[in-house]
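**Q** Okay, here's the structure, questions in a sec.
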Amino acid sequence: MTIKALENFIHDRKQARGLPLTILKDTVLGIDAEYFFLQQLSPPGKKEPLLHALGGLPFSLKSCLETFLHGLKGAGIKPVFVFKGIQLYRNERPFARPDLRQQKRAEAWEAYDKAKGETAVNIFNEIEPISVSEVSRYAMKLLNENGADYVVAPYSSWAQLVYLLKHEKKFIDAIYGPTEVLLYDVERVITSIDFAGGGFLWISKRNLLAELGGLGSEQLLDLAVLCGLEFSSPFPLIDQSHLTGTMAVRSARDLIRNFVSGYGAVMAYAENPFVKESNYIDTYRRAYCAIKYHVVYTDKGVLEPIITEHAPNDIHEFITQRLPPELYFYLTKGIMGPEILNALTSGELIESVPLDGGESLEYRRFLSDLESMRSQSLSLLTQPLHRFYQAKRVHIVYWYERNNEHEIPHRLTPTTYETVNSWNVHSKVLDPKLMELNPKEVNLEFAVVALDDEKFAASTVTPKTPGELLETSKEILANTYWRFLQLRSFVTPQHTLTPWGKALVTALKASRTEDLFAEPLIAALELIRFKALTAKTYTPSYTGLPIRGTDVEKAHILLIARVASLLPINHMPIGFSGPLSRNLLSFNSFVAKYTQVARILIESTVFSLLANSDADRLAEDNAGWAKLGVSLPFTSGPNSGLGIAMKTYLDELCGKPEPTNDVERVKMKAELKKLFAHALDVVGDVERGFRLWDTVVEAVKLAAKEGAMTNTEATAFTDADAWVQQRR
């Protein structure tokens, strides 16, 4: 997140200078990941306006990143991407700042419902792009696949970039990032690269200060704080005047000139009601110190202020509570994400409104049900930590209950770790099963199917033995997955399959190996257990429901389309074109949230295993740790595109005189290709959706047979399956 006012000032004053790209040949370029992805995915022509209507990742994300990496390679530049980490201390209540995005989304859907498609797209296009944190895990995976280096900063990425630049070993030679970089002892920053034109733009701090009327470096920091940062609000007197861009910068500059410093200006207006009511003096102090004494992760594996001289002793008051160095290490490697660490350090987990608006009671009940998974994650995370964190209270605040806090209990007896620490399976037991099943890698499917062998399952009951720790990545991954499956009741504490585990194995054995259905199948069965994957219409006012056929047929179509929504549609790297469904976007909110919470639980399980010394943490090198992070499942949730395609196919077929006729189905396949013109293979994707449906039905049948589901719940699936067989 850049200082928007200063960015606009720089643009208006044409401060950026150009140089040929050849200057950067044979250099290492530090890249602010958030700045890069916002720059690549936000401009007109690159922005995908319907991302807010579909969910999931931008279709152009992979193409943008790989094209950029190819350009760097051709120019002889080695990149190091730096992602931001834990949020800084915020001196404000949750939801204190208005979120205008949901209002815009509602306006866009209202226009779409009135058949004003172009207006709806334009309104969606006005909404800020999705948070980079939502794409970071997938981006790290792509970077790893392309051999590019990356690191996650403990807190803000810009200070970490400055550390890498200023270090005596010169880890990087230049920075490509936002204007915040200039708040430090850095003379210039690259703001854009044009491979086609063979050049890049950069900003000089010296020229910028001259343009600001001769301000000093310290005063530039004052100006940035007064204009407002991601983690602090702007000075109320600037904010109240509704000034933006160049005018806001000039207003802040004039205050600094008149009162010598930003702090002098703030104190001069200390009795102003707006300043007093907002407690801005405290906000200013915290924001100023958070930048000046920002904490970075050093090459020695410790955290320290970027400026150690005169650094205060109470840094935790404006950064966050300090965590153990080991946790920061796993964060830097992408093994741990920042979400649960944010909750632990701040004591708050903020649940924001989902893309569809979150109006359904079912979704809100689902969020309450997820608190058990969050309790498990926090228990795994805090059990090996200091008692301060074991006793720390963590609350969740929902957007629809902004003044209520719901505590997430995590001091469990026995601890979550103690319930799963009998999984310490070594290579001598693991390798023969790997040779037998021959998976491409140790993954969730292998972990589940392996336990279908009762003899093997019995051999996995392996309490930790001193001196015989897990060593390899495959051992760590396998034991992590088994612990996760036990926590999610697919496996018993005795390491045998539960009825739901048997249902999952049955479904996986019925699927094609290349389909890689383990993650969507686990999500499907979990959502069935959470009463979320049903044929019930959650929010009837949302458009995009089936409209043809009988009520029973509409219910069948909706259920099948929801199952298909567990898979993404494969699309060209451009904005989506085709019909939309707010109703299926609503279901996508369930899928996206489960994917996120499941990933956090798996990350907490890995950390618990490592922090309790169940594995030899010195056995892996840096490359091994990075590979471990990108190997974990539930990297990102799917979009709702395939669900829409499935719903469209079955709904339109229902309107035909003979919907089970082969000729009608062939016509509908051709119609699908026209409706989803930019999909790579919409017919193949729908067929894959049907294959997932088949496996879910097999799982449901076995779950009902084993008594895990009621016959009524299972009948919704089996009846829909019987109906759809002649319509595939």
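The values are calculated or read from the model by the stated rules, or taken from the named source; none is laboratory data. Here the structure is a predicted model, which means the values were calculated and not measured. Heads up, the Cβs are rebuilt from the backbone with ideal geometry, glycines too, and the neighbour counts pull from every protein chain shown. Just so you know, the surface numbers come from the protein's heavy atoms only, side chains and all, with ligands and any DNA or RNA stripped out. Shrake-Rupley method; radii C 1.70, N 1.55, O 1.52, S 1.80 Å.
**Q** So how much accessible area does I307 have, in Å² to the nearest 10, using a 1.4 Å probe?
**A** 70
**Q** Also, I was wondering about something else. Would you calculate, for the chain, the mean residue ellipticity at 222 nm contributed by helices, counting each DSSP H stretch of 4 or more residues as -39,500 (n - 2.57) and dividing by all residues, to the nearest 500? Mind dumping the intermediate values first?
**A** On the way: 34 runs with 374 residues, N = 728.
Rounded to the nearest 500, it is -15500 deg cm²/dmol.
**Q** For T660, tell me the accessible area in Å² from a 1.4 Å probe, rounded to the nearest 10.
**A** T660 has an accessible surface of roughly 60 Å² with all protein chains in place.
**Q** Binning at 5 Å from 0, report for the range 608-677 what percent of all alpha-carbon pair distances ends up in each bin.
**A** Bin by bin from 0 Å, the calculated values are 3, 12, 15, 12, 7, 6, 5, 6, 7, 7, 8, 7, 3, 0.
**Q** Calculate log10 I(q)/I(0) of the range 407-556 for q = 0.10, 0.20 Å⁻¹, where I(q) comes from the Debye formula with a single equal point scatterer on each Cα and nothing for solvent.
**A** Scattering profile of the range 407-556, log10 relative to I(0): -0.46, -1.26.
**Q** Estimate the FRET efficiency between M247 and F274 by the formula 1/(1 + (r/R0)^6), using the beta-carbon distance for r and 25 Å for R0, to the nearest 0.05. Mind showing how you got there, number by number?
**A** Working: r = 18 Å, r/R0 = 0.73.
Efficiency, rounded to the nearest 0.05: 0.85.
**Q** According to the Cα gyration tensor, what semi-axes, each the square root of 5 times an eigenvalue, does the equivalent ellipsoid of the chain have, listed from largest to smallest in whole Å? Intermediate values should be presented prior to the final figure.
**A** Details: eigenvalues 388, 208, 125 Å².
They are 44, 32, 25 Å, listed largest first.
**Q** Within 10 Å of each candidate Cβ there may be at most 16 other Cβ atoms; applying that plus a DSSP loop requirement, which trypsin sites (Lys or Arg not before Pro) in the range 4-79 survive?
**A** Working: sites: K4, R13, K14, R17, K25, K46, K47, K62, K73; in loops: R13, K14, K25, K46, K47.
Filter output for the range 4-79: R13, K14, K25, K46.
**Q** How long are the semi-axes of the equivalent ellipsoid of the range 524-644, taking √(5λ) for every eigenvalue λ of the Cα gyration tensor, in whole Å from largest down?
**A** So the three semi-axes of the range 524-644 are 38, 17, 9 Å.
**Q** Per residue, how many Å² of accessible area does the chain show with a 1.4 Å probe?
**A** On the way: 30530 Å² over 728 residues.
With the other protein chains kept in place, the chain gives 42 Å² per residue.
**Q** Leaving out ligands, DNA and RNA, what percent of the accessible area of the chain is carbon and sulfur, probe 1.4 Å?
**A** Solvent-exposed carbon and sulfur of the chain make up 51 percent of the total.
**Q** Hey, can you list the DSSP H helices of the chain whose Cα span along the axis is 24 Å or longer and whose average Kyte-Doolittle score is at least 0.0?
**A** On the way: long enough: 582-611 (43 Å, 0.72); 682-705 (34 Å, 0.32).
Membrane-span-like by this rule: 582-611, 682-705.
**Q** So which trypsin sites (Lys or Arg not before Pro) in the range 164-197 are both in a DSSP loop and have at most 14 other Cβ atoms within 10 Å of their Cβ? Numbers along the way, then the final one.
**A** Details: sites: K166, K169, K170, R188; in loops: K169, K170.
Answer by residue number: K169, K170.
**Q** Take the residue pairs K593/K673; K554/K667; K205/K300; K531/K701; K62/K627; K536/K667 and return only those whose Cα atoms are more than 23 Å apart.
**A** Working: K593/K673 30 Å; K554/K667 21 Å; K205/K300 30 Å; K531/K701 17 Å; K62/K627 19 Å; K536/K667 30 Å.
The answer is K593/K673; K205/K300; K536/K667.
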